[in-house]
Amino acid sequence: MPGDATTLPLPDGLAGTPRIRRLLGRPAGAFAGTEVRARVAVVALLAIVILSGLLVIMAADRPSLLSATTHSNFFPGWMAGPLGGLWPGLTRNGTTLKYLFTGAVLVMYAAYLVAIAYAPRLPVRWVITAIVAVHGILLLAPPLALTDVFNYVNYGRMEIVHHLNPYTTIPILEPHNDPSFVLSNWHQLLSPYGPLFTLLTFAVVPLGVAASFWALKGILMVASLATLVLVWRCAQLLGRDPLSAVILVGLNPIVLVWGLGGDHNDFLMLFFIMLAFYLLLRARAGGRDVSRPDGAVADGGERRQAQSRPRSMAALLLPEIGAGAALITATAIKASAGVLLPVVLASLLRSRRALLNVVLGMVLAGALVGFVSLLAFGLHIPDLNTQSRLVTNESVPNLIGLAIGVGGENETIRVFMSGVLAASILACCWLSWRRRDAITASGWASVALLVTLSWVLPCYVLWALPLAAVSSSRRLRNAVLVLGVYLIIAWAPASGLLWNAIGFHPEKTSLGRLHQRYVKELLY
């Protein structure tokens, strides 16, 4: 009929867009399906936000297994935060709390997978609001599940307050009346943290223990959000969907609960890794951003036009030099980033100028970091050797040892897994050189590191997530999502109840008891 809106012609420019062409080609029922999927995606976002708040309120209410640094007679108000005591009727049954925590994380992960699948149906502002909301919620949380944050504070106080080098003196030798000593737990372990991160812990010492805790939480939250901005920009420069990319990283429940909630320093390392890749992508674009504001990448003609414009020497050199410096900075924060150095360099072997610039940035940053580290710590480095000998029961090397009947990871398996990691890095270097794709190859190198480690924490999945998010490899993204399921099964509180039910007790083998004894010796 004349008044039917379908009889109105669309403007030529609008009718010719790919999105409108796809819509016009769909049957009428497809629009109803699209609306349903959009609603499901929004519900998934709300579930992640609401359950994040629920977990934080549960952990902040009273001392429990949900906050690893608390015990029955110790949970100061400054640690509980502003959400403490909001749920006085919360159960005190430890088993029930384990089920509540585990169930919430599982539902969050299912909602996360839904959000990834239906990302194109979600409004950008809703996703950004959800990401900012969960970051704000976790900022208010007491330390969840992990105890690392007070080890950070304690190592910093050892140097500034007691003049004890954390790379040469174990914490058990510091005065035990220091307020951070009773909150930390790695009392027999020399600091394994990189010199730049350790210097950061020095900087917050004058604030006191409580304010140092909250300052580090704030720094890590800012680093996480800044990393997500870089993920968005990298996805745009690569012509990929930036919304899907930030959902993959920013709404991952493992990253939220064990990473942000556990106040882990991996966020600082990942910020500099993603900064390096962003700068390399900018350099590839000739120092110019040829992506559109809405995320659609310019067509070939616009790219050629942008690349034909005059470019300053600084626009060509500085991003590559900065990328090299950023990679060294990441490694000086946490040594895990070091596995990416050869992979990135391999991708540049066919471009002598880019290779020399990146190496120059690495050399300059390495010299500066070395000089600063020498002044602060002398000729001493983080104790990575001791930490590398720690074993978690459900790490892949330990599971291999159990599967072949030797009772867990032994020295032979440790050497074998080190060989697997070395071979994997070489394979990633070849992949990076052959395809000139350092991002995908670096993502696989991070996965290889995670799988071959004997001491693995759930937040380590963050090492590969941002790289998988901007990579063209669907297999890499699937591998990271599967790793997430594995880490939840290994670390969820209720998993111990499952192991008891099926008679799985890796800690009761002779090697398992040895591993547990070694950890306890370092802890107490």
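The values are calculated or read from the model by the stated rules, or taken from the named source; none is laboratory data. Note that the structure is predicted; figures quoted are calculated from it, not measured. With ideal geometry, Cβ positions are generated from the backbone for all residues, glycine too; neighbour counts draw on all protein chains shown.
Residues in the range 148-202 that are in a loop (DSSP other than H, G, I, E, B) and not hydroxyl-bearing (Ser, Thr, Tyr): 24 in all. May I ask you to verify whether residue 407 is under 25 Å from residue 520 (Cβ atoms) and not aliphatic (A, V, I, L, M)? It is true that residue 407 is under 25 Å from residue 520 (Cβ atoms) and not aliphatic (A, V, I, L, M). Among the residues of the range 334-351, is there at least one that is free of Cβ contacts under 8 Å to residues at least 60 places away in the same chain, farther than 17 Å from residue 277 by Cβ and touching a helix residue (DSSP H, G or I) at 6+ places or on another chain (Cβ under 9 Å)? No, that holds for no residue.
For the structure I just gave you, tell me whether residue 245 is assigned to a helix (DSSP H, G or I) and over 26 Å from residue 489 (Cα atoms). No; evaluated as a whole, the condition is false for this residue.
Selection over the range 192-235 of residues that are polar (S, T, N, Q) and at positive phi gives a count of 0. Scanning the range 369-383 for residues that are part of a helix (DSSP H, G or I) and surrounded by fewer than 15 Cβ atoms within 10 Å (Cβ to Cβ) yields a count of 5. Considered as a group, the residues in the range 332-352 that are among the polar types (S, T, N, Q) and closer than 19 Å to residue 433 by Cα include one that is surrounded by the fewest Cβ atoms within 10 Å (Cβ to Cβ), and that residue is 351. For the range 480-513, a residue qualifies if it is aliphatic (A, V, I, L, M) and either surrounded by 18 or more Cβ atoms within 10 Å (Cβ to Cβ) or in contact (Cβ under 8 Å) with a residue 40 or more places away in the chain (or both), and the qualifying residues are 480, 481, 483, 485, 487, 488, 489, 490, 492, 494, 497, 511. Per the conditions (1) under 23 Å from the mean Cα position of the chain (by Cα); (2) modelled with pLDDT of 95 or more, the sole criterion not satisfied by residue 374 is (1).
Matching residues to (1) modelled with pLDDT under 90; (2) over 30 Å from residue 153 (Cβ atoms); (3) part of a strand (DSSP E or B):
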| residue | (1), (2), (3) |
| --- | --- |
| 32 | yes, yes, no |
| 41 | no, yes, no |
| 53 | no, no, no |
| 68 | yes, no, no |
| 82 | no, no, no |
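Please work out if residue 421 is out of contact with any Pro (no Cβ under 6 Å at 6 or more places or on another chain), in a helix (DSSP H, G or I), surrounded by fewer than 20 Cβ atoms within 10 Å (Cβ to Cβ) and free of Cβ contacts under 8 Å to residues at least 12 places away in the same chain. Considered against the rule, which asks whether it is out of contact with any Pro (no Cβ under 6 Å at 6 or more places or on another chain), in a helix (DSSP H, G or I), surrounded by fewer than 20 Cβ atoms within 10 Å (Cβ to Cβ) and free of Cβ contacts under 8 Å to residues at least 12 places away in the same chain, residue 421 comes out as no. The sole residue among 246, 205, 222 that is among the aliphatic types (A, V, I, L, M), surrounded by 23 or more Cβ atoms within 10 Å (Cβ to Cβ) and modelled with pLDDT of 95 or more is 246. Of all residues in the range 329-359, those satisfying the criterion of being part of a helix (DSSP H, G or I) and among the charged types (D, E, K, R) are 352, 353. Picking from residues in the range 233-242 that are in contact (Cβ under 8 Å) with a residue 60 or more places away in the chain and not in a helix (DSSP H, G or I), the one that is nearest to residue 134 (Cα to Cα) is 241. Is the range 114-122 home to any residue that is exposed (fewer than 14 other Cβ atoms within 10 Å of the Cβ) and without any contact (Cβ under 8 Å) to a residue 12 or more places away in the chain? Within the range 114-122, none of the residues are exposed (fewer than 14 other Cβ atoms within 10 Å of the Cβ) and without any contact (Cβ under 8 Å) to a residue 12 or more places away in the chain. Sub-8 Å Cβ pairs linking a first residue in the range 82-96 that is on the phi > 0 side of the Ramachandran plot to a second residue that is in a helix (DSSP H, G or I) and surrounded by 11 or more Cβ atoms within 10 Å (Cβ to Cβ), at least 6 apart or interchain, are 85/60; 85/61, ordered by first then second residue.
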